[in-house]
Amino acid sequence: MIIADKKRLFNMTDKFSKETRSYIMSQIQGKDTKPEILVRSYLFSRGLRFRKNDKRYPGSPDIVFPKYNTIVFVHGCFWHHHEGCKYATMPKSNVEYWKNKFYRNKERDERNQKELEAMGWNVIIVWECELKKDKVEQTLDNLYNQITSQI
């Protein structure tokens with residue numbers, strides 16, 4: 001009886017049914033997100049050519065520039081828990097799960113970055129919050145300069 005009460009209380013904390021929440025979570029993309037497309041479009045328009053989501057490298061980098069020996073990851077502030085960012089919020093329900101999830105994501109990101117650097121790649125991380133309207137031009141210009149200065 002207590003378990004049923006806890007289950008009912010747990011379901012009350014979410015404003016969606018279990019099926020609706022499952023559907024919402026299934027729609028979250030792992031690649032070709034709006035921030036990734038924005039970065040790729042800009043860099044392509046500046047004449048850079050690249051590979052995207054190349055599974056041959058640790059972490060399947062979002063953008064790979066073999067000519068410049070550079071790899072770019074476009075990280076979402078929520079999923080990769082960008083430290084000090086207002087978009088890196090902690091969900092109010094199932095907090096322990098989310099803490100572990102964010103910790104594992106950060107550990108994986110650090111491990112992939114170290115492996116890539118050990119392979120001789122320059123790794124650049126672009127955060128989603130750096131692509132907001134007030135910062136996007138400066139961020140993309142800086143990114144282009146970072147990539148092209150690698151030769």
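The values are calculated or read from the model by the stated rules, or taken from the named source; none is laboratory data. Predicted, not measured: the structure shown is a model, and the values here were computed from it. Counting neighbours? That spans all protein chains shown, and the Cβs are built from the backbone with ideal geometry, glycine included.
Let's see how each residue does on (1) outside any strand (DSSP E or B); (2) more than 25 Å from Met25 (Cβ to Cβ); (3) among the acidic types (Asp, Glu):
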| site | (1), (2), (3) |
| --- | --- |
| Ile71 | no, yes, no |
| Pro91 | yes, no, no |
| Lys101 | yes, no, no |
| Arg104 | yes, no, no |
| Glu107 | yes, no, yes |
| Lys114 | yes, yes, no |
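Name the residue that is nearest to His80 (Cα to Cα), counting only residues in segment 1-24 that are part of a helix (DSSP H, G or I) and modelled with pLDDT of 70 or more.
Quick first cut of segment 1-24, residues part of a helix (DSSP H, G or I) only: 2-13, 18-24.
Remaining after also requiring modelled with pLDDT of 70 or more: 18-24.
Details: Lys18: 24, Glu19: 25, Thr20: 24, Arg21: 21, Ser22: 21, Tyr23: 21, Ile24: 19 Å.
Selected residue: Ile24.
Mind listing whichever residues of segment 29-57 are outside any loop (DSSP other than H, G, I, E, B) and touching a strand residue (DSSP E or B) at 6+ places or on another chain (Cβ under 8 Å)? Break it down into steps so the answer makes sense when it comes.
From segment 29-57, those outside any loop (DSSP other than H, G, I, E, B) are 34-45, 51-52; that's our starting set.
The answer is Pro35, Glu36, Val39, Arg40, Leu43, Arg51, Lys52.
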Filtered residue count, segment 85-110, keeping only those that are more than 28 Å from Ser41 (Cα to Cα) and not β-branched (Val, Ile, Thr): 15
Hey, Leu131 in contact with a strand residue (DSSP E or B) (Cβ under 7 Å, 6 or more places away or on another chain) and under 18 Å from His75 (Cα atoms) or not: no
